[in-house]
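Colleague: Before we start, here is the structure in question, set down as structure tokens.
The values are calculated or read from the model by the stated rules, or taken from the named source; none is laboratory data. Bear in mind the structure is a predicted one, so any value in this text is a computation, not a measurement. Neighbour counts run over all protein chains shown; Cβ positions are idealised from the backbone, glycine included. To get the accessible areas, we keep the full protein, side chains included, count just its heavy atoms, and leave off ligands, DNA and RNA. Shrake-Rupley method; radii C 1.70, N 1.55, O 1.52, S 1.80 Å.
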Amino acid sequence: MFIRQQVVAITIAVIIFITIIELVRRRKLKEEYSWLWLVTGGGLFVFAVWSDLLKAVTRFIGAGISTSTIFFFGIIFLIVLNLYFSIVISSFANQIKNLGQELALLKKKVQK
Amino acid sequence: MEKTLVVIPAYNEAGNIARVIGEIRKQNEPLDILIINDGSSDATPEIASASGAAVISLPFNMGYGSALQTGYKYALREGYDHVVQMDADGQHDPQYLGHFLREIVKKDSDVLIGSRFLSGPCYKISWARKVGMGVFSGISSLILGQRVTDSTSGYQCLNREVLGFFVNDIYPCDYPDADVLIMLHLAGFRIKEIPVVMRANNENKTMHSGIRPLYYVFKMFLSIFVTLLRKRPSTRGRGPCS
């Protein structure tokens, strides 16, 4: 990995990390939803600093070049993120359903 | 005297709801009627109320299962012993309400299903629906170890213990059908079918139109599969939680 690539990758990883921490600090992002982004930023940082690890992973998964490995893990990350959000939305849907039912039942009670 | 509530989820049924309530009243059975207005944009709640039924209006359209579950929660809190659930489109003939009431008080079953196929082959449906219903009834029969002829029937009578089971988050919000019967069986509830005659419904208006049948079949297979994978719920004898 060229030094310039390494510097760009480290910079992006640090920016992601700082942005997430700042969003959590300002309470724009809840701690429980920030962990996946922090893990991603951390992973990117480790790969940028330790380029031999990226080469080893590339060999391990059978990819031809290191950029394929990065895209591969990028897509995996997006799939995991979408799955995670689907789980969160399912939980919200259940909570909204219960709230809606409670609202309707209480309204009926008040009308009585 | 045991109290019975008829729960009818209704979504934009202004054209049918007064007739359905009127037909139930004509049966002279000792029961109350509750309409769950599932976010209708027409005059369904006003007409239902003017027809003498109690009405609960959900704040937005939440789906058939959620509307039914609201009725179960109401029935539990108001101390009803049984719930009979019916459709608002007039498909379910109220003359069978008496059969349900006389059968449920015998206490030899927890859930009564009104089967349109026990009373003869007079109910006309498309071949695709017939195949789908046959498949799910077959799967239900196999798992329950008893003959189930109409696993998709929404004309049912439930006792209070079943209501306590259904007010949990395990109850599906969209199409509670064969998967729920299997869930009930695994939880130890006793299920019985009684013959009813159903009127033909407007298939274009129901869940049997558009791509919904495909979703229904997929969802039902998935739901049955994961229900069988889950740990058996221990529910018999447990009090209502909500």
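Colleague: Only loop residues by DSSP count here, and only those with at most 15 other Cβ atoms within 10 Å; note down the chymotrypsin sites (Phe, Trp or Tyr not before Pro) in the range A:1-102 that meet that. Mind showing how you got there, number by number?
Modeller: Values: sites: A:Phe2, A:Phe17, A:Tyr33, A:Trp35, A:Trp37, A:Phe45, A:Phe47, A:Trp50, A:Phe60, A:Phe71, A:Phe72, A:Phe73, A:Phe77, A:Tyr84, A:Phe85, A:Phe92; in loops: A:Phe2, A:Trp50.
Within the range A:1-102, the qualifying chymotrypsin sites (Phe, Trp or Tyr not before Pro) (loop, at most 15 other Cβ atoms within 10 Å) are A:Phe2, A:Trp50.
Colleague: Could you list the square roots of 5 times each eigenvalue of the Cα gyration tensor of the range B:97-151, that is, the equivalent ellipsoid semi-axes, sorted largest first and rounded to whole Å?
Modeller: Working: eigenvalues 110, 49, 10 Å².
Ellipsoid half-lengths, sorted descending, are 23, 16, 7 Å.
Colleague: Moving to a separate point now. Could you pull the Cα extents of the protein assembly as shown along its three principal axes, largest to smallest, in whole Å?
Modeller: 87, 46, 41
Colleague: If I model a spin label as a point 7 Å beyond the Cα along the Cα-Cβ vector, how far apart are those points for B:Leu214 and A:Val88 in nm?
Modeller: With each label placed 7 Å out from Cα toward Cβ, I get 3.0 nm.
Colleague: 5 Å is the cut-off here: which amide hydrogens, built 1.01 Å from N in the peptide plane, fall below it relative to B:Ser119, excluding neighbours closer than 5 in sequence?
Modeller: B:Val196
Colleague: Mean separation of Cα pairs under 8 Å and 6+ residues apart, divided by the residue count of chain A: what relative contact order is that in percent?
Modeller: Numbers: 47 pairs, mean separation 22.5, N = 112.
Reported as a whole number, the value is 20 percent.
Colleague: Starting at the first residue of the range B:19-36, write each ³J(HN,Hα) from the Karplus equation 6.51 cos²θ - 1.76 cosθ + 1.60 with θ = phi - 60°, in whole Hz, x for Gly and Pro.
Modeller: Couplings: 5, 4, 5, x, 5, 5, 4, 4, 6, 6, 8, x, 8, 9, 10, 10, 9, 9 Hz.
Colleague: State which stretch of chain B is the longest one without any exposed trypsin sites (Lys or Arg not before Pro), exposure meaning a DSSP loop state and at most 15 other Cβ atoms within 10 Å. Each step should come with its number before you reach the end.
Modeller: On the way: sites that count: B:Lys3, B:Lys106, B:Lys107, B:Lys124, B:Arg147, B:Arg199, B:Lys205, B:Arg230, B:Lys231, B:Arg236, B:Arg238.
Here the longest run is B:4-105.
Colleague: For the protein assembly as shown, which whole percent of the accessible surface, found with a 1.4 angstrom probe, sits on carbon and sulfur atoms? Intermediate results must be reported in sequence, preceding the final value.
Modeller: Details: 12010 of 18720 Å².
So the carbon and sulfur contribution to the accessible surface is 64 percent.
Colleague: Provide the gained length on full extension for the span A:Leu106 to A:Val24, in nm with one decimal, where the gain is 0.36 nm per separating residue minus the Cα-Cα distance. Write out the running numbers ahead of the final one.
Modeller: Working: separation 82, 0.36 × 82 = 29.52 nm, distance 3.58 nm.
Additional length available on full extension: 25.9 nm.
Colleague: So, one more: With a cut-off of at most 16 other beta carbons within 10 Å, and DSSP calling the residue loop, which trypsin sites (Lys or Arg not before Pro) in the range A:1-91 qualify? Please list them. Numbers along the way, then the final one.
Modeller: On the way: sites: A:Arg4, A:Arg25, A:Arg26, A:Arg27, A:Lys28, A:Lys30, A:Lys55, A:Arg59; in loops: A:Arg26, A:Arg27, A:Lys28, A:Lys30.
Within the range A:1-91, the qualifying trypsin sites (Lys or Arg not before Pro) (loop, at most 16 other Cβ atoms within 10 Å) are A:Arg26, A:Arg27, A:Lys28, A:Lys30.
Colleague: Just to be sure I understand: if you take the accessible area of chain A alone plus chain B alone and subtract the pair, with a 1.4 Å probe, what total do you get in Å², rounded to 100?
Modeller: Numbers: alone 8920 and 11120 Å², together 18720 Å².
About 1300 Å² of accessible surface is lost on pairing.
Colleague: Just need the relative contact order of chain B here, percent rounded to a whole number, with Cα pairs under 8 Å and 6+ apart. Could you put the intermediate results ahead of the total?
Modeller: Numbers: 426 pairs, mean separation 53.3, N = 242.
The value is 22 percent.
Colleague: Kindly state, as a whole number, the per residue volume in cubic angstrom of the convex hull around the alpha carbon atoms of the range B:1-66. Show your work: numbers first, answer last.
Modeller: Numbers: hull volume 5.3 nm³, N = 66.
Here the figure is 81 Å³ per residue.
Colleague: Next question. What are the extents of the Cα atoms of chain B along their three principal axes, in Å, largest first?
Modeller: Extents along the principal axes, in whole Å: 46, 40, 36.
Colleague: Then there's this: Taking a quarter of the surface of the Cα convex hull of the range A:3-111, what do you get in nm²?
Modeller: Working: hull surface 36.5 nm².
Here the figure is 9.1 nm², rounded to one decimal.
Colleague: A further question follows. Please compute the per residue accessible area over the range B:7-85 with all protein chains in place, 1.4 Å probe, rounded to a whole number of Å².
Modeller: Working: 2720 Å² over 79 residues.
Value returned for the range B:7-85: 34 Å² of accessible area per residue.
Colleague: Note the full-extension length gain between B:Asp93 and B:Ser126 as 0.36 nm times their separation in residues minus their Cα-Cα distance, in nm to one decimal. Please list the in-between numbers first.
Modeller: Working: separation 33, 0.36 × 33 = 11.88 nm, distance 2.05 nm.
Roughly 9.8 nm would be gained on extension.
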